[in-house]
1. Quick check on the stretch A:289-321: of everything there that is of a type in the set (A, V, I, L, M, F, W, C) and within 14 Å of another protein chain (Cβ to nearest Cβ), which residue is farthest from A:I650 (Cα to Cα)?
2. In the stretch B:74-92, how many are surrounded by 13 or more Cβ atoms within 10 Å (Cβ to Cβ), within 14 Å of chain A (Cβ to nearest Cβ) and not hydrophobic (A, V, I, L, M, F, W, C)?
3. Keeping to the stretch A:177-212, report how many residues are open to solvent by 40 Å² or more (accessible area, probe 1.4 Å) and either in a helix (DSSP H, G or I) or of a type in the set (S, T, N, Q) (or both).
4. Which ranges mark the helices (runs of 4 or more DSSP H) fully within the stretch A:383-468 that have 3 or more residues being open to solvent by less than 40 Å² (accessible area, probe 1.4 Å)?
5. State whether the residues of the stretch A:42-65 include one that is of a type in the set (V, I, T), without any contact (Cβ under 8 Å) to a residue 24 or more places away in the chain and under 17 Å from A:A90 (Cβ atoms).
6. Among the listed residues A:S352, A:S340, identify the single one that is more than 14 Å from chain B (Cβ to nearest Cβ) and either charged (D, E, K, R) or under 30 Å from A:G386 (Cβ atoms) (or both).
7. Please enumerate the residues belonging to the stretch A:525-568 that are of a type in the set (G, A, S) and crowded, with 16+ Cβ neighbours inside 10 Å.
8. Within the stretch A:606-650, can you find the residues that are open to solvent by less than 10 Å² (accessible area, probe 1.4 Å), in contact with a Phe, Trp or Tyr (Cβ under 8 Å, 6 or more places away or on another chain) and within 12 Å of chain B (Cβ to nearest Cβ)?
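The values are calculated or read from the model by the stated rules, or taken from the named source; none is laboratory data. Here the structure is a predicted model, which means the values were calculated and not measured. With ideal geometry, Cβ positions are generated from the backbone for all residues, glycine too; neighbour counts draw on all protein chains shown. The protein model used for the area step is the full one, side chains on, heavy atoms only, and it has no ligands, DNA or RNA in it. Shrake-Rupley method; radii C 1.70, N 1.55, O 1.52, S 1.80 Å.
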Amino acid sequence: MDSLQHIFIQEATELLSELEEALLAFENNLEDRDSMERIFRAMHTLKGASSMFGFTDVNDFTHELESIYDALREGTLKATPGILELTLEAVDHLGEFIKNPSHEDESIKKRQKTLLEKIKAYNTGLTPTAPTSIKETGNPSLATFYISFTPGKDILKNGSNPLYLLEDLLELGKGCVLPAFPHLPGFDTLDPTTCYTSFEVLLETEHSEADIEDVFLFVADGSGIKIERFVKPVTLTEALRQKFLDTLPSERPLGLEKVKGLMEVEELPEEGQAVVAKNSTKKNILPENKASLNSIRVSSEKLDALMNQISELVTTQARLSMLVNGLEVAELGAITESMSKITRKLRDNAFSICLIPIDTLVVRFQRLVRDLSKELGKNIELITEGTDTELDKSVIEKLSDPLLHLMRNCIDHGIESPAERSRSGKSEKGTIRLEAYNSGTNVIITLSDDGAGIDPGKIRARAIERNIIPADAELSEQETYQLLFEAGFSTAETVSDISGRGVGMDVVKRGLEDLHGGIVIQSEPGKGTKFTIRLPLTLSIIDGLLVEIGENTYVIPLHRVEKCYEIPATLLTSIHQQIVLDGTRMPVFHLGEALQCENTASTLNQVIKLEYEGKEVGVSVDAIIGEHQVVLKPLGHMYKEQEEFSGATILGDGTVALVFDIDRLLKKLISESVKNVNYGKLSYQ
Amino acid sequence: MESSVINSQSYLTFKLDNEIFGSTVNRILEIIEVPKITKVPKAPVYMRGVINLRGRVLPVIDTRIKFGMPPIKDTVDTCIVVLNIEVDGQEITLGALVDAIQAVLEIEEREIQDPPAFGSGYRSDLLTGMVKKQDDFILVLDMEKVFSSQEIITLKESGTSEAGPKEGTKRTPSKNKNQQDSKN
């Protein structure tokens with residue numbers, strides 16, 4: 001039961017986010033039939049799933065909601081922002097409700113009740129104004145459908161029997177089936193395993209359209225299914241049935257128009273239009289269903305297991321290649337080479353499976369912008385670009401909170417109120433842009449607003465006031481902005497409910513650091529603020545630079561390396577010093593000493609220039625070995641204190657090399673050197 | 001006869017310094033030779049480093065240092081016992097470096113004596129019992145307790161014993177050595 005519940009919760013959460021997305025699209029255009037249909041469909045599926053898994057509360061609740069949208073669909077109710085607001089609220093409620101199915105929380109119960117009453121008010125409000133909608137809002141009573149089913153030619157070869165489908169269909173209600181064979185070839189060319197027959201079904205049923213669609217759920221691509229609902233139910237009298245059955249096989253398929261013609265007596269002419277209108281929206285169903293059949297859902301544990309095994313394969317392959325290189329057996333070499341090619345392809349493939357587009361997060365952002373701006377009385381538009389950029393799923397999961405927080409800051413502190421904006425000559429509508437793009441093995445996400453910007457002077461004053469920096473600290477602009485990420489820092493004059501509690505920005509930074517990413521702020525007072533987030537494409541396999549320090553080999557993530565220099569060892573005299581490279585002075589840390597490794601007596605040292613919080617910092621190593629594809633493995637619980645390392649990797653010869661977490665390493669080195677020397681003079685210059 | 005079969009369990013015995021220790025085999029995954037160990041800088045001294053165990057990165061603990069015994073150079077007999085223990089609700093696998101593996105013994109439950117509450121010179125909370133086999137005394141360790149602690153522990157009871165000194169510092173081994181000698 002627990003696992004079933006789990007499945008339901010997973011499915012329902014997906015449906016709810018789909019619902020939310022559709023609702024937001026619907027808000028932009030209240031006349032949009034497409035999104036109306038999408039909303040209805042999602043609600044309907046949710047209703048079905050909840051009753052199937054025994055969530056009767058959810059079932060009842062969605063049923064009422066669905067009724068509203070059914071009425072909207074049928075045009076008996078007009079869409080208003082009020083309805084939309086209520087629906088969004090209801091969707092949120094359902095989200096919480098599903099996550100907390102034991103309903104122990106009294107407040108949830110209470111809200112369920114008030115929401116239900118509100119929804120019911122809409123539904124009962126329908127009845128007097130639009131008497132025809134009674135059947136729509138209540139349990140759908142009898143309705144008549146025209147179903148055209150053209151099985152794909154290969155349907156019999158696939159093991160499906162169209163006759164069973166028709167039988168299932170007729171079980172739903174009363175109806176008649178009209179077979180047609182418009183494309184029947186001559187006897188000599190007839191292939192008995194090909195299906196030439198198509199069917200038209202007239203069905204009078206109490207079931208909904210979705211139930212009919214369900215009958216065809218497992219029909220493979222290539223079959224044509226068209227379901228039309230007559231606006232007014234037509235009773236299939238015996239006489240009418242006979243009328244249809246009397247049509248000549250050569251006249252078939254009759255087509256919707258002809259069927260309607262035959263029914264004319266019963267049907268009012270003006271309703272034909274409604275059928276046509278629905279016709280256009282219904283067409284969407286088929287391609288969408290097809291798309292969903294082309295993808296399967298796989299649990300993330302299975303994906304993780306796959307990735308782990310592939311990581312091992314990559315490592316083993318590297319060892320094999322190394323071994324074979326020493327053997328000089330031509331044939332073996334060739335095989336190994338092709339093996340390594342396949343391994344690489346396999347790795348890239350498996351890798352791409354785990355990538356999901358940032359799109360999946362956007363709905364939540366849109367919702368946040370919409371809700372918050374309304375609450376704060378601001379007019380804000382969210383523009384997204386490049387959200388098809390893909391990131392590893394584990395990165396996406398952990399990215400959501402930091403991004404949401406930044407966005408909250410943009411809305412709350414960044415964008416000014418409409419009055420303020422027009423005073424400073426900007427358009428009343430504020431804009432927040434979310435852009436994402438690939439840059440090497442990194443993904444860059446920028447979040448910018450055209451709001452008030454951040455005043456570096458204010459940050460400085462606040463930081464001094466809070467004792468985060470001494471009063472005489474000399475900071476560059478970027479360093480000043482980085483102060484925003486210090487714990488306990490907030491420049492908002494009034495602490496609002498939304499942001500500015502002094503927790504958050506530091507959490508954002510820590511969250512991004514956990515992903516081995518970084519963040520840089522650019523801001524111009526009066527013009528706006530831009531956050532630039534840099535993230536590695538994936539956490540599990542990275543390109544690294546192999547370096548030697550002391551006796552051991554270490555890996556520096558290649559995406560952080562900007563340049564390498566060779567300097568005489570005599571230049572390095574202590575753990576930390578300033579060295580002029582390429583005409584710029586930069587702090588250089590002697591890693592061998594910092595890590596307390598035995599020093600090798602080499603006359604040359606390599607300095608690797610890294611980027612850290614927008615600054616250039618160098619680290620010195622004994623030697624650079626080269627590039628290496630690194631499969632990152634956790635160091636585990638026992639080494640959780642060793643933050644300088646994000647993990648370890650296994651090299652071609654089977655030994656283990658530690659992988660640096662550059663941000664944490666430099667942070668530690670800088671803070672250690674600051675302890676010795678006065679802040680602001682040494683590490684920041 | 002039958003009852004003794006039911007009540008016996010397998011124990012792996014190994015040597016550390018001059019003592020013989022035992023541990024139930026159900027937490028032990030395998031015993032391997034010592035491969036090249038990669039040291040992790042700035043880690044506590046008893047953390048010898050990490051090794052590659054068939055594609056997994058496995059932390060290795062120098063059990064001698066962990067127990068406050070004087071460190072020695074690895075010999076041909078030095079082995080790594082790969083264990084699975086639970087720390088803070090998390091299953092972790094680690095390697096424990098021991099001087100030599102002795103044997104796997106079937107020990108009947110009734111052979112195991114309770115660890116003496118006091119006076120034996122050993123910290124009774126880390127031992128599950130003692131067994132006398134021929135001339136040897138086997139100290140049965142509670143591996144979970146021993147390796148889940150973040151500190152250097154001293155098996156021997158001494159005036160200042162309860163917990164070992166702070167992580168990363170080495171306990172002066174001479175004192176323990178003396179006590180051991182006096183015991184033997």
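1. A:A305
2. Final tally of qualifying residues: 1.
3. Number of matching residues: 5.
4. A:393-409, A:456-465
5. yes
6. On the way: A:S340 fails: either charged (D, E, K, R) or under 30 Å from A:G386 (Cβ atoms) (or both).
From the options A:S352, A:S340, the qualifying one is A:S352.
7. A:G528, A:S540, A:G544, A:G550 - these are the residues of the stretch A:525-568 that are of a type in the set (G, A, S) and crowded, with 16+ Cβ neighbours inside 10 Å.
8. A:Y639, A:E644, listed by residue number.
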